[in-house]
1. How many percent of all Cα-Cα pairs in the range B:174-279 sit more than 16 Å apart?
2. Using square roots of five times the C-alpha gyration tensor eigenvalues, list the equivalent-ellipsoid semi-axes of the range A:74-139 in whole Å, biggest first.
3. Beyond 30 Å between alpha-carbons counts as too far, so tell me which of B:LYS285/B:LYS369; B:LYS178/B:LYS206; B:LYS77/B:LYS103 fall in that bin.
4. Given H placed 1.01 Å from N in the peptide plane, which residues other than close sequence neighbours of B:THR314 have an amide H under 5 Å from its amide H?
5. Could you work out, residue by residue across A:278-287, how many beta carbons of other chains sit within 10 Å of that residue's beta carbon, and then give the average as an integer?
6. Please compare each pair in B:LYS120/B:LYS239; B:LYS235/B:LYS290; B:LYS80/B:LYS160 to a cut-off of 26 Å on the Cα-Cα distance and tell me which ones are over it.
7. Which order do B:VAL111, B:VAL324 fall in if you start with the one that has the fewest other Cβ atoms within 10 Å?
8. Across the range B:232-239, in residue order, what do the Karplus-derived ³J(HN,Hα) couplings come to in whole Hz, using 6.51 cos²θ - 1.76 cosθ + 1.60 with θ = phi - 60° and x for Gly and Pro?
Amino acid sequence: MRDQAPHSGSITQEEQLLARLFTSPTSVLARLRLRVAASHEASISIVLVILFAFFAIRAPNFLTMYALSNVLTFASVYGIIVCGVGLLMIAGEFDLSVGSVLALSGYVFLLSLRADVPPLLAMLLALAVCSLAGFVNGLLVVSTRIPSFIVTLGTGLAFRGIVRALGQGRTTSYAPQVKPILFEILNGYLAPINQLSDPAGNFRSSSIWFICVVALTAFLLMRTRFGNWVFAVGGNQDAALSQGINIRRVKLVAFVLSGSLAGLAGVITFAQRSSMNTLLGEGLELTMVAASVIGGVRLTGGSGTMVGAALGMLLLSLLNQGVVLMGVPNDVFQGLVGAVLIVVVLGNYRLRQEE
Amino acid sequence: MNRNLSRVLVLLAVAFSMILPAACAAPAPAPAAPPQVVQQTVVVPQTVAVPVAQTVAVPVPQTVVVQATAAPAAQRKPAKIYLVAHGACSWDAFWCVVEQGNKDAARDLGVDLTIISPPKFDPELTASDIDKALAAKPDGLGVTVTDGAMYQEPMMRAIKSGIPVIAYNSADWRPADKRIPYLTYIGQDEYAGGATAAKRMVALGKGHRGVCVNQDVGHTGLDARCQGFIDTLTKSGLKAQVLAIGNDAAQATKTLGDFYTANRDVDMWLTLGPNGANPFYAFMKNAGLKTGDVIHATFDLSPEISARIKDGTTLLAIDQQPYVQGYMVVQWLSWIVRYSIYPPLDVTATGPGVIDKANVDMVLSLAGKYR
């Protein structure tokens, strides 16, 4: 076909090629595939749409405000943590202490409130402690050069030990006469929206925080110099160093961000439940890594988006609500997550090959 | 290269951690048998008083044959019942007996039953499971209330929307004016159970210091068991404390060993179920402890616990009759949905009873399925 194309004086060869690209159906498909392959969220979006359609058809009551609001609500708190974990993974590091930091945050918040510290100050104290925990993680990683996988595994156990000491082997709750307004701001029930349907939905203000955190971290990653440094450090440390990027500082900031976001998730969780136990967040770390990878964050660093990571968490929540509505035993849920993880990662791998 | 390798290992660890528990999970329940006229053998209990905190009837089997006619499914009002439990048979043998009761009741009564439980003890996840269950618009809801404060909001949402709600196995232990207004609690008085075990241990006159081994810290019912144990020992002038172990058997055995190394004078051990008792037996073996070296009591039964009561290693087991809890929660909810028959009492007691060397033979052959 290319050989048959006439070479007229008025139309250049490039113009002809472009014309063919825009008119040939196979070329349009190829361009679409290229565009999809270039997108970090392609795999997760496709799987999300397929799963949504599947549950919409097969799971009774899935297309109700209650079920759909549950999906967003239960993705929100852990979605906030995923943003920190995902950003750190793009910078080439892991944080396996987030589950313990989540519980630490809840306990600092709870014990401060029980000591009559004003709620806002108690929250700031919890966030400060968790930022410090992130700083300790970062400092240990950049100063000792021990892999973050090992360092944060160790600090995670240490933070859990502190949580157990604070918890003293029992459940502790906080039941004031009047619930602080801060609790409503952090994780309040959004009655005006929920009561638009019957039965009412389960939207909560935690979802607003989730969306804000995704937007802010996405902006930080895609629109700031720090974001460029994160990609550079995670993609190729030597090249980043040769460009004058302060790798230690970038990693330290990413660890602090991860710790403080886990802390924010902790105070938001406590604002709803008003009760703490030492098991909160135990085993959460690998779920966070799984959500990030499902969302297109590259395990080897240097690639990924915050929107993708957030969609990864949303997918896990969708899957959980869907299997409950279908009456599938919860034990099967973990198997499904594992299967989805492998399918999406394989999809990402194939798309990147095409790219 | 090493960095990439470690990341691949992390990915594999993530994938396998997701898949492995599912692979080890208990098989799905068999489909419900169609209702029909059956020749059914029924065990009629004949009550005998045993020394317990609240005297509970222990059945002596006597077999009679009766004609039971099950109503055809078409004539029954459909009943879609959801149960949200904090434990599961796949990781805690105690729950196999509860679930057996659930499934038997669902089959006998023709109930569309869904049981939701977390892959490990996780009160936060269980609380969110209540909301996920409510999205299915169930006709009735049963919840094991391991933390009243934490479950308050989703359970109140169910109650306010008119769904009949029953607590089973674990109750909201807060004062009556603060507790969640569910219709009844089917289970045992946990504090009394802990106190009963402690009294029997103290009565031996050999113990010096006690420990309550808690595998589910965060479960207020288990906290109450430990409190009953500790309060009773303290009143007797003995020291006692709580030791948290978790549900991982190997880790729990190690924790028990470490604790014993640092606290050799502890000789009164209370475990709170098979997930505490089984690691305790492994710890005893590792530490070279023999029957009679320490006093051991436990909550709940399993084939291992029954065998150890028989050989004298374990003094007693506080029995809450989990099969009854599992059966009754489905039964009551189906009666409420179909016939508007409501439980008359706030507490429908299923224990605490005591199984010791004197009556263990009665439960040995039934352990793990019905006892």
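What follows is calculated from the coordinates using simple rules that are stated; it is not laboratory data. None of the values given here were measured: they were computed from a predicted structure. For neighbour counting, all protein chains shown are included, and Cβ atoms are generated from backbone atoms with ideal geometry for every residue, glycine included.
1. Beyond 16 Å sits 59 percent of the P(r) for the range B:174-279.
2. Three semi-axes, in Å: 24, 14, 9.
3. B:LYS178/B:LYS206
4. Long-range HN contacts for B:THR314: B:ILE309.
5. Mean shielding by partner chains, rounded to a whole number: 5.
6. Flagged as over cut-off: B:LYS120/B:LYS239; B:LYS235/B:LYS290.
7. With the fewest neighbours first, B:VAL111, B:VAL324 line up as B:VAL324, B:VAL111.
8. Karplus values, whole Hz, x for Gly and Pro: 5, 5, 4, 4, 8, x, 10, 8.
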